[in-house]
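Engineer: After the structure tokens below, expect a handful of questions from me.
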Amino acid sequence: MDEWKIKGKISLVTGAAQGIGEAVISLLAEHGAKIAAVDRNAEKLDRTVSKLTRRGYDVKAFPADVTDRDEVDRIVNEIEEKMGPIHILVNVAGIFRMGAVETFSDKDWEEVFKVNTLGVFHVSCSVSRRMTPRRSGVIVTVSSNAGTVPRMYMSAYAASKAAATMFTKCLGLELAPYQIRCNVVSPGSTETDMQRFMWADENGAEKVITGSLTEFRLGIPLKRLAQPQDIADAVLFLVSERSRHITMHDLRVDGGATLGC
């Protein structure tokens, strides 16, 4: 029984090689979607896709850099030629840089925005141009709760995610007449390599859960980090027919860390 009504649907997922992206493609594939997995790390992407194909899932690797518009258009064309019309797009690809504003370099700022914001723009535009004449499709951008509240030493990341969130909502407004839904999933602290990179010692998870008055972080009321699966579950709901009347929505998956703000 196809309870989510995504069986057989071509689903393009960026940042698919690891972390949240890997959890998303695994869950969508488990429910019968056909996955076009995109990531610029070709070696890691191949390993991830191989694991899923060995389990019998229909997953194909398409290495690409989302910051390159021409490469994005080429890979989207290739996916539609080889697999069929894309019905689902999930923008997961993202990078993280930390640092005080006064010491942050132009290079780091530009790199964060190129992936987290420009990449979302490139892929969303390329895919939505093909969805529009078909009057069908759904786009989900995995953003961050950092896009809604200030974070110390995370100015570039927070600003880039805020931009990606608002872009996706604006796109949703423009595409609504074509029955194309665009939504956002905003994770809080999630146990991935990106999160562990921020920890100074083995007590990193506990410190995130507890919070920090000096850094104006509340902590996590539910007293646990999110797992990639938690984010994938939210994505599954928003790409499914069970959310057919939801668009331009930002679903916060952060254990209450931002108090719903």
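Engineer: Those residues that are crowded, with 19+ Cβ neighbours inside 10 Å and more than 26 Å from residue 108 (Cα to Cα), I need them from the range 127-168; list them, please.
Structural biologist: 127, 128, 131, 137, 138, 139, listed by residue number.
Engineer: Pairs, please: C-beta under 6 Å, at least 6 apart or cross-chain, first residue closer than 16 Å to residue 53 by Cβ and in the range 17-34, second in a loop (DSSP other than H, G, I, E, B) and charged (D, E, K, R)?
Structural biologist: 32/7; 33/9; 34/58
Engineer: Quick one: in the range 237-259, of everything that is surrounded by fewer than 21 Cβ atoms within 10 Å (Cβ to Cβ) and in a helix (DSSP H, G or I), which residue is nearest to the chain's Cα centre (by Cα)?
Structural biologist: 237
Engineer: Among the candidates 39, 73, single out the residue that is of a type in the set (Asp, Glu), assigned by TED's automatic domain parsing to the domain that holds residue 132, touching a helix residue (DSSP H, G or I) at 6+ places or on another chain (Cβ under 7 Å) and crowded, with 23+ Cβ neighbours inside 10 Å.
Structural biologist: Details: 73 fails: crowded, with 23+ Cβ neighbours inside 10 Å.
From the options 39, 73, the qualifying one is 39.
Engineer: Have a look at 134, 97 and point out the one that is farther than 17 Å from residue 15 by Cα and assigned by TED's automatic domain parsing to the domain that holds residue 156. Spell out the reasoning first.
Structural biologist: Values: 97 fails: farther than 17 Å from residue 15 by Cα.
None of the others qualify; the one that does is 134.
The values are calculated or read from the model by the stated rules, or taken from the named source; none is laboratory data. Note that the structure is predicted; figures quoted are calculated from it, not measured. All Cβ positions, glycine included, derive from the backbone under ideal geometry; neighbour counts span all protein chains shown.
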